[in-house]
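Since the structure comes first, as structure tokens, the remarks are kept for the end.
Taken together, the values in this text are just the output of simple stated rules run on the coordinates, not laboratory data. As the structure is a prediction and not an experimental result, all values here were calculated from the model. FYI the Cβ positions are ideal-geometry reconstructions off the backbone, even for glycines, and counts take in every protein chain you see.
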Amino acid sequence: MFTKCICTETRKEFLMRFEEIGHTAWQLVDTYENPLAAFFGTLSVQTFGDQKLSGEFTVSPDYKGCPFCRANSFFVCGSCGLPNCNESVTLTDGKSVSVSCAKCGNTGELCPLEELSLAEDYSINSK
């Protein structure tokens, strides 16, 4: 399954690919910088209906990170729902980590991901 993501450092968009590992788990395995955008302006990946991934989310040990800044993890904005690349952070009791969305600017505390919405339109801006 693919979903759009935004780099928190460069604000460039890219695609993330998740593979199902078991019936209730998803693993981030790869990213795509969208080389076709240089020729066509946008790359669109269409799906049918509102799809969601739910369950446990992990990152593959072979994952090479964000194609722009090499961040090795991600978070999902609680406001606009767009995944953002992020350096891996371990949440510990009593500690909160604040993150900001590169798309809408919303700031919030990092919390475990339980569901990831896959929007119908994955048009990637080439700018």
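Points to keep in mind about this one:
- Summing +1 for each Lys or Arg and -1 for each Asp or Glu among the other residues whose beta-carbon sits under 14 angstrom from that of residue 100 gives -1.
- Whole-Hz Karplus values for the range 59-67 come out as 10, 4, x, 8, 4, 8, x, 4, x Hz, taken residue by residue from phi with 6.51 cos²θ - 1.76 cosθ + 1.60 and θ = phi - 60°; glycine and proline positions read x.
- Greater than 25 Å apart at Cα, pairs in 64/103; 4/95; 52/95: 4/95; 52/95
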